[in-house]
Every structure is written in structure tokens, then in C-alpha cells.
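Engineer: Please read through the structure below; I'll follow up with questions.
The values are calculated or read from the model by the stated rules, or taken from the named source; none is laboratory data. Remember, predicted model here, so these are calculated numbers, not experimental data. FYI the Cβ positions are ideal-geometry reconstructions off the backbone, even for glycines, and counts take in every protein chain you see.
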Amino acid sequence: MIQSIINKLLERRHFWRYATFSEIAELYTAKTVRVIALNIISGFTSVYLYREGYSLTFIMSFWTIFYLLKTPVIILSSMIVAHFGPKHGMLYGNLLYVPAMMALGSVNEFGVGAIIVWAIFVAFSASLHELGYSVNFSKIKNAEHAGRELAFMNIFIKVATGVSPVIGGLLALWLGLEAVMWIAAALFLVASIPLFRTAEQVETRQRFNVSGFPWRANIRNLTANLGVGYDAIATGTVWPLFLAIVIFSAYGVDIYAQLGLMSSVTIITALIASYSYGKVIDKNRGGELLKISVGFNGLVHLMRVFVNSSPGVIATNIANEVATTGHNMAFMRGSFDAADLSGHRILYLCLVDVMISLGAAIASATLLVLILLMGHESGFTVFFIIASLAVLQIGTANFRLYRKKLFDSVLY
């Protein structure tokens, strides 16, 4: 049903596309259902561990080690995607998340052992799926209308992201978070169904070869992803922990519903921003959008320091949505173009994931050191100040696509 609806929406506006509508709808559907499955639980993971008695020091140590060890997993996943194809990577990624959820749901019984098992499966699941999705989307996109393509994908993702935390929070309130983990596992299986229907769009049995990769032309674009990883941890891990420990510490079992509601109120803003930014990118203004959005996102992280109430949380979430949607879409468009030009699509996107993972490890280690030195509340405060500067790294990307467009606009 979801795929049929998406197919009808795309057919009216995407008449120029080379790939078939069923292939596009398949990719959108698989991604949307996965996002729903992921977001009914992922935003609560660290909070769940904290409320199960694990210290903030343990949690941030865990994430630091996790992202450092994820780097070789990403490289191995890239080899798998190169050999079997990106759709198979997405499929394997979805299936591997099922045992991950089962392991997380058994933390009460098996403790740290369950957390380790969960981390292993999550690392492979995330690496395989994200790389497969990026390779697939970068392959079937339309070069002239890629901004609109990103906008449509982002709209579907934002709808799923906006709805799922509320669903997950309410289910956690009524049934317990462990039940939500089992529901998420089932949804990951559902997300795999569309991937069985059509053939690979990318040549399979490729060799993962670094020979001839244009390192010099892409080093700035790749290292800019360190800021992407830092931003992801600041928003997706540290911010929920800050809300649960500092702002909403008095809440009981309904903390998950509260967090879910706070993260979902931005959905209208996200939809408007996605559609608008897609048009901006297709009008050759992606470079300007990237720089402005990154600067605004730095201010948003600084705003977090002063938040002490629910209205402040909502305002900050909305501002964050406007900022991150802008630089994420512009950055992704530039990355896809750079991957095309490199002649090593899978290797380039593999290196992107590696840099994001290293950025996330740096962010996790930063908070770990700060809370050891200053305690929880002061540690969070200084972390967000540092994050406001660290995310500016994203704006150092120097994509050839945006250099060319800027030159053309000045020339003509």
C-alpha cells in the first residue's frame, strides 16, 4: 500500500526519470519503513540504558568505542556491497537489525553481554544499509533534478521520523520499551519486503579497489564529514540524554512519550524546509545553502545551553530541523556528485561513512571527558558550546558541483 501511494505521487512529477517508477517507489518505501522502525526506538536507546542503571560515563564510553570499532565494519560492509550490490546491502542491513533489537530487549537479563551483541549487529546493520542506500540513490538520481529527488526522499523520511517517536513513546508508556523493541524488529522485516522485487541497478561483483582514487580532489569533502558525525551525536544522542537527565529528570515512565512528542512537533517545519531546499539546490544555490545552514546549526547548538523548559525544547528542535535539513540536503547532493566524479562511487561513500563514524567517536569522547572533569550538567553545557564550533567543519567542504555553479552564475 505504501509503495503504491508513493508510486502515484512520483509518477506525476518525475516524468524525466530513467529508472522505472517501481524501482524508485521501492527505494522510498524501504527507506521510509526502516526509518519508522528505527525511530520508534533509536531516540530512546541511550536514555533506556541510563534508566536501566548504566552511568552516563559508561554510555559515552560505549559509544566512543562503538564508533571507533565501526570503522573496519564499514570497510567490510563496502566490500559486501561491491560484491553483492547495494540492494542486497540494504536487505542484509534490515535483517541484521532484527537480532539487534532482540539483544537490546534482553539487557535486563544478560546485561553488558546483551549490549555487546546489540552493538555488533547494529554496526553491521547500519553500515550495510546506509552504504547500500547511498550507492543506490546516487546511481538512480536524475542529475538535473537531484535537489527535488532529495526533497521527496527527505519528505518521506521526515514524515516517518516525525510520527514514529510519538508512536514509540506511547507504546513504551503503555507496553514498556522492551515491547517496542520487538515491534521495531518486525518492522525491519517489513522494510525488507520491497527489496526483493526488482534487480540491482548497480553492477555486482565489483572489486573494492583504492587504486586511482582522487584523494587530493576530495580530501576536504571527506574530512568535512567529521562535522556531520559530531552533529549526529550532539543531536541524536547527547540532546535526548540532556533532556532526560537535566530538563525532564522528574518524569517517570512517561519520559519516552515526552521525548517522542518533543522530537515530533517539528514535522511541519521539516516538510516545508525539505521541499523549499530541494528547489534551492536545483536552482544552483546549494553551496550558499550549505554555508548558511551550517552557521545557523552552530547557533542552534549554542541555544541548547539556555534551554530549561518544554517551550525552549520545542523551539530548539524546530530551529535544529530548519538548519540540519538545509545542510544535510546540500551536503548529500554535493557528496553524490563527488562520488560520481571520483570514478570510485562505493569507495567514496565508504570513506564518507568512515569519517562520519570517526566524528561521532570524537563527539562521544568529548562528552565523556567533560563529564569526568565537570560532572553532568556542566559537562553538557560545555559540550554544546564545543559542538557549536565543531559543526562548522561541515561547511569546509569544497564540492566541485558548487564551485562550478557559482562560477557559472558569476559569469552569466
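Engineer: Are there helices (runs of 4 or more DSSP H) fully within the range 295-409 with at least 3 residues that are under 25 Å from residue 272 (Cβ atoms)? List them.
Structural biologist: Counting at least 3 such residues, we get 310-342.
Engineer: Continuing with this model, one more query. Is it the case, given these coordinates, that residue 81 is modelled with pLDDT of 85 or more and crowded, with 21+ Cβ neighbours inside 10 Å?
Structural biologist: Yes; evaluated as a whole, the condition is true for this residue.
Engineer: If the requirement is being under 30 Å from residue 308 (Cα atoms) and modelled with pLDDT of 95 or more, which of these qualifies: 354, 391?
Structural biologist: After ruling out the rest, the residue left standing is 391.
Engineer: Here's something else I'd like to know. So if I check each of 349, 367, which one is over 28 Å from residue 59 (Cβ atoms), surrounded by 19 or more Cβ atoms within 10 Å (Cβ to Cβ) and in contact (Cβ under 8 Å) with a residue 24 or more places away in the chain?
Structural biologist: Answer to the check: 349.
Engineer: Oh, and also: Given the criterion within 22 Å of the chain's Cα centre (by Cα) and farther than 23 Å from residue 129 by Cα, identify the matching residue among 396, 324.
Structural biologist: 396
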